[in-house]
1. For region 265-383, restrict the atom set to alpha-carbon positions and state the Rg and Dmax in Å.
2. Just the number, please: carbon plus sulfur as a percent of the accessible area of region 366-433, 1.4 Å probe, no ligands or DNA/RNA counted.
3. For region 329-487, report the accessible area per residue in Å² (1.4 Å probe, heavy atoms, rounded to an integer).
4. Which three semi-axes in whole Å describe the equivalent ellipsoid of region 480-544, each the square root of 5 times a Cα gyration tensor eigenvalue, listed largest first?
5. List, in the order given, every pair from 509/633; 134/509; 316/633; 292/503; 151/503 whose Cα-Cα distance in the structure shown is over 29 Å.
6. So if the hydrodynamic radius of region 187-346 is defined as the Kirkwood radius over C-alpha pairs, what does Stokes-Einstein give as its diffusion coefficient at 10 °C and 1.306 mPa s, in µm² per second?
7. Computing the accessible area with a 1.4 Å probe over protein heavy atoms, can you report the carbon and sulfur percentage for region 199-284?
8. Can you list which of the trypsin sites (Lys or Arg not before Pro) found in region 244-336 are DSSP loop residues with at most 11 other C-beta atoms within 10 Å?
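The values are calculated or read from the model by the stated rules, or taken from the named source; none is laboratory data. Keep in mind that what you see is a predicted model, and the values were worked out from it rather than measured. Note that we place each Cβ from the backbone using ideal geometry, even for glycine, and neighbour counts take in every protein chain shown. We work out accessible area using only protein heavy atoms, side chains counted, and drop any ligands, DNA or RNA first. Shrake-Rupley method; radii C 1.70, N 1.55, O 1.52, S 1.80 Å.
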Amino acid sequence: MEFACSHVVCNWMPDRTAGLYPTLPRSLSGGATRTAVSRPLSVCDHDYDNRIAVIPQPGVPLMPPPLPPRKDSSKKQPRPRSMPPPVPPRGLEARGEVPLKANVNVLSLTLGRLVDISKAPCLQSIHSPVYCGKCRAAMSSASTLQNQLKKTVWCCEFCGRENILSRTEAGLRASPRRPLPGRDVLYLSEDSDGDYVNLDDMLVVFCVDISGSMSVTYEISAGSSVRSPTYVSRLQSVQDALQRALSSLLQTSPHRRVALVTFNDEVTVYGDGTGVPLTLSDWSLMDFDHLKMQGEKYSTPHCIAESIYPLTQRVKELREHGATALGPAALVSIAMASRYTGSKVIICTDGQANIGLGELEQATQTSDYSPFFYSQLAKEASDSGVIVSVLTFEGTDCQLAEVGRLADFTGGRVNIVNINSVSTEIQSVLADNVLATSVTATLLSAEGIYFPYEDDSAHKLVREIGNVTEGAEVTFQFAVKPESIESFQRRDRVPFQLQLEFKTRELQKATRIVTDQRRVTTSSWVWAGSLNMEVLGVHCAQLCARLTMEGRVLEAQKQLRAQQDLLKDLSEERPSPKEESVYGNWISTMSVICEDLTGHNPEYEENNDLQASNSTVVKGLSDEAAKVVYQMKRARTAGKRQSDQPLGS
């Protein structure tokens, strides 16, 4: 777990502005030679705050405090054994102090590292975790046990419940032989949901659009007096990219299975290219259960080392014509891949689905717009441990905001390519391997903590993540409830615990529990050097992208403005051109997208407080904007990105 701030800021509240809190009058700030303190005076400052905390009434003279009695210099005073702590800086003399408009209580989880059990052998425990009977927090080395008469009691540091431990659980108390569980423990279950799954057994399904629009050509080399210019169609560029991908897989993973599915006004399943193709058309394109069954029972027995030549020949013979049955083809491809955990489906298309399930072209012209098909399909893929990536061509309108749900929910990639970059992008997609499936993250903190922009306002948050690939990162923000601020200021530390439940590639159940503690402070004493701008920038990108896709564009704009102000303040105190260029680019791009949505949406013009529905926002997103939003939802800190290229560029 990585925190954006070294302390928990207990008195941050949403919509907090400078006008909500009084400031020190000029007469108390040092006379005419010193400017007034512009920073808000917190009404919840610690006792050690040496600023004047009481604002005198107008007209009441300010009496100085009485002088202390003089000490007899003839008597020797005992020499102090230690120096007193330094006095906190006053007002504007507190260099590095940042006025907080954005919430800096942000937590980042590097899921790719946390679920990789091969890198955590020393953290594995043979014991089962001991949970609190009320909040389900796990006992750790941060817990305190008490011996009362003939029983051992664990008072939960998260909810305060007294848990009476059994003899077995009490045996986990701190001792030289059997200490309390550590702060980072990996528990592996002996049970599994299936047999061992080899990584080479996973399936790669190329789902390729061969509709009539794939015949559009582009000039790749200009002509001259002796030769004509050279043109390449979209389908030809995909064919070349697939042949390169097959050759690469043959070299790196010769035992991996590869299948081919094409779609136009019908869906054709070639599998590994060695058998008779299966063609689905007409009524079958509208039957969800039939398509799913056909995909699940279609066998791909041969690995790429055995099927490279027939599969390459099938790719060469592809010809473009007809409509675009994208939805049925995606369903069949995912059903095929679901037989092997960790499989991938790579969809290459250049147009809107206009026939069969998931039809989008007609829906954009009428009021019948339903996002449920692709959402349901994405959930089924995630539950089966399948990654779906969606690649579209630039200059087209594929309703990427809708089709991109498949990639967003399964941990895949969403990108817009051209004829020169298809091969490179497919190679990047092939490099993404599933490290864990069915991942669920549970985050706990002390009572009085809540998680803004989440469904649950309690001190416990549960989020289903699904598939996790290397480098995956998610962020959360938390805050202290207003009625709990005073009690939190009397605390020394606030506990946090992450419980990560997942299945490995071998389908073994695992639970990783990480516990941490953070000191408490107020917004008056947050220093620029204590903030991790990388974590804050990634959180802003992920949160604003998520709010935009949920139709909460006004809330996304509010987050962006607060983050822009904070980035500006930090750049003045602690300049970092690299951070400003990367995260400033994300924020600026999202600002343009949000302004475009609110500026062209009649619902926002009628009432600025009205949030448009999810479907309205999705329909308003262009393919280019949808690509940026989906990529920002996958944003990660600079040291964990696979490329230094800023998202959205």
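1. 14.9, 49
2. Looking at region 366-433 in its full context, I get 47 percent from C and S.
3. Numbers: 5150 Å² over 159 residues.
Roughly 32 Å² per residue, with all protein chains present.
4. Values: eigenvalues 188, 72, 26 Å².
Each semi-axis is √(5λ); the values are 31, 19, 12 Å.
5. Long pairs (Cα-Cα over 29 Å): 316/633; 151/503.
6. Working: Rh = 17.0 Å.
Result for D is 93 µm²/s.
7. 49 percent
8. Details: sites: 244, 256, 257, 292, 297, 314, 316, 319; in loops: 256, 319.
Of the trypsin sites (Lys or Arg not before Pro), the ones in loops of region 244-336 whose Cβ has at most 11 other Cβ atoms within 10 Å are 319.
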